[in-house]
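Here is the structure we will look at.
The values are calculated or read from the model by the stated rules, or taken from the named source; none is laboratory data. What you are looking at is a predicted structure, and each value in this text was computed from that prediction instead of being measured. Methodologically, a virtual Cβ is constructed for each residue, glycine included, from the backbone with ideal geometry; neighbour enumeration extends over all protein chains shown. Heads up: the accessible areas ignore ligands, DNA and RNA and are worked out on the full protein's heavy atoms, side chains in. Shrake-Rupley method; radii C 1.70, N 1.55, O 1.52, S 1.80 Å.
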Amino acid sequence: MRYNIVSKGDHKSNSIKENMETQMQNTEMIKDTETPEIVISVGGDGTLLEAFHKYSYRLAETAFVGVHTGHLGFYADWLPHESDKLIEEIIDGEYDVIKYPLIDITVNYNDEKNPSQHIALNEATMKTEDNTTLVADVSLRGKHFERFRGDGLCISTPSGSTAYNKALGGALIHPSLRAIQLTEIASINNRVFRTVGSPLVLPAHHYCLITPVDQRTIMTSIDHVTTKHHNVKSIEYKVAKEEIRFARFRPFPFWKRVHDSFISDGRDD
Ligand code: NAP
């Protein structure tokens with residue numbers, strides 16, 4: 001099997017990576033940085049986000065698994081002391097593949113420029129370039145829903161619902177649900193300006209179109225990458241056709257990961 005290991009780059013992650021590569025020697029495993037069938041990310045959830053974007057052009061052929069060099073993560077759910085066991089499992093080649101939904105993002109421009117296409121594993125946000133109030137019309141499935149005023153909007157995947165979305169008061173969504181969630185970032189709500197104020201969960205056959213009213217330069221963040229877009233007409237968000245595939249060697253249910261991350265991992269009991 002063809003593999004690659006992506007490290008966060010710190011000393012601990014690099015030494016785990018080197019140890020794993022040594023274990024792979026003299027086995028059927030072939031290191032392949034271009035077309036790996038399995039990508040092992042060593043670091044944190046942030047490292048797995050980077051690995052995902054590095055291989056987002058071949059999601060149908062690549063499965064991901066993460067080793068967390070900090071505390072347990074949502075995407076990186078193996079601990080450093082388990083890395084030898086993980087490599088044995090990978091060499092055995094027996095694993096289930098579980099798939100999580102992604103967001104498809106299309107940025108449309110006012111000029112002749114072609115729309116730009118993006119994909120997010122956690123979330124996509126939309127803000128102004130200078131932190132002024134974003135004023136934008138929100139349409140759901142082609143129908144005007146509200147005019148938003150505030151810091152910005154965040155559209156997250158179910159697996160990203162535990163990240164920025166959670167800090168914005170969004171719901172935690174099980175990744176078996178093919179949905180996206182729209183949350184407000186500090187909306188202005190008074191007698192004059194009104195938004196729904198609650199996170200909205202959209203099914204896969206609904207899409208969300210956000211059209212800035214005054215601003216034309218928009219900052220988007222897609223997972224860990226922030227980009228400035230000029231002359232933006234609108235941005236469309238929907239559940240992507242592609243999915244991320246995780247190599248699963250043992251059960252680790254989503255709600256247990258939520259419990260262990262936010263309630264207690266047993267170490268403080
Ligand atoms: P970062 O600022 O270095 O790390 C953000 C934190 O979010 C890290 O602790 C990371 O875990 C954690 N994280 C990432 N994905 C997660 C997930 N799906 N569920 C729970 N926690 C998750 O940034 P980064 O490492 O480049 O990651 C970018 C992410 O940061 C964005 O996608 C966004 O979700 C998140 N973020 C959160 C806030 C907030 O909560 N107020 C604000 C901005 C951005 P690890 O330590 O395991 O890497």
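If R0 is 22 Å, what FRET efficiency do you get for Asp137 and His205 from their C-beta distance, rounded to 0.05?
Calculated value: 0.55.
In Å, what Rg and Dmax follow from the Cα atoms of region 182-237?
13.2, 36
Do the sum for the chain: with -39,500 (n - 2.57) for every DSSP H run of n ≥ 4, divided by all residues, what is the mean residue ellipticity at 222 nm, to the nearest 500 deg cm²/dmol?
Taking each H run of at least 4 residues, the total per residue is -4500 deg cm²/dmol.
Modelled label-to-label distance, Ser56 and Glu28, 7 Å Cα→beta-carbon offset: nm?
Going from the Ser56 label point to the Glu28 one covers 3.3 nm.
Can you list residues whose amide H is under 5 Å from Ser41's amide H, if they're 5+ apart or on another chain and H is modeled 1.01 Å from N?
Val6, Val65, Gly66, Val67
Evaluate the charge dipole of the chain about its Cα centre and quote only its size in Debye, nearest 20, assuming +1 on the Cβ of each Lys and Arg and -1 on the Cβ of each Asp and Glu.
That gives the chain a dipole magnitude of about 1140 debye.
Helix 45-54 versus the longest principal axis of the chain: what is the Cα-based angle in degrees, 0 to 90, to the nearest 10?
80
Average projected area of the Cα convex hull of the chain, in nm²?
That works out to 16.0 nm², a quarter of the Cα hull's surface.
Using a simple spin-label model with points 7 Å from Cα along the Cα→Cβ vector, what separation in nm is obtained for Glu18 and Asn231?
5.1
For the chain, take the longest principal axis of its alpha carbons; what is the angle in degrees between that and the long axis of helix 83-92, to the nearest 10 within 0 to 90?
Helix 83-92 and the main axis of the chain meet at about 80 degrees.
Report the extension gain between Thr35 and Ser176 in nm, rounded to one decimal, defined as 0.36 nm multiplied by the number of residues separating them, less their alpha carbon distance.
Full extension of this stretch gives 48.1 nm more.
Among the listed pairs Lys127/Lys166; Lys166/Lys238; Lys17/Lys54; Lys8/Lys228, give every one whose C-alpha distance is greater than 23 Å.
Over 23 Å Cα-Cα: Lys8/Lys228.
Which residues among region 127-142 fall inside the zone where the amide N is under 19 Å from a point 7 Å beyond the Cα of Asn190, along Cα→Cβ?
Inside the label zone: 132-136.
Heads up, I need the accessible area for Lys233: 1.4 angstrom probe, whole protein in place, Å², nearest 10.
We get 110 Å² for Lys233.
Could you name the aspartates and glutamates in cross-link range of Lys143, using Cα to Cα under 14 Å and dropping any fewer than eight places away on the same chain?
Qualifying aspartates and glutamates at Cα under 14 Å: Glu236.
Starting from the Cα of Asp96, move 7 Å in the Cα-to-Cβ direction to define the label point; list residues of region 145-179 whose amide nitrogen is under 18 Å from there.
159, 174-178
Can you tell which of Arg250, Arg147, Arg191 shows the greatest fluctuation in a Gaussian network model of the chain with Cα springs below 10 Å?
Largest GNM mean-square fluctuation: Arg191.
Per 10 Å bin from zero, what fraction in whole % of the C-alpha pairs of region 1-137 is there, up to the bin with the longest pair?
Percent of pairs per bin, in order: 11, 36, 28, 14, 9, 2.
With a 10 Å radius around each residue's Cβ, average the other Cβ atoms per peptide and rank 155-165, 115-125, highest first.
155-165, 115-125
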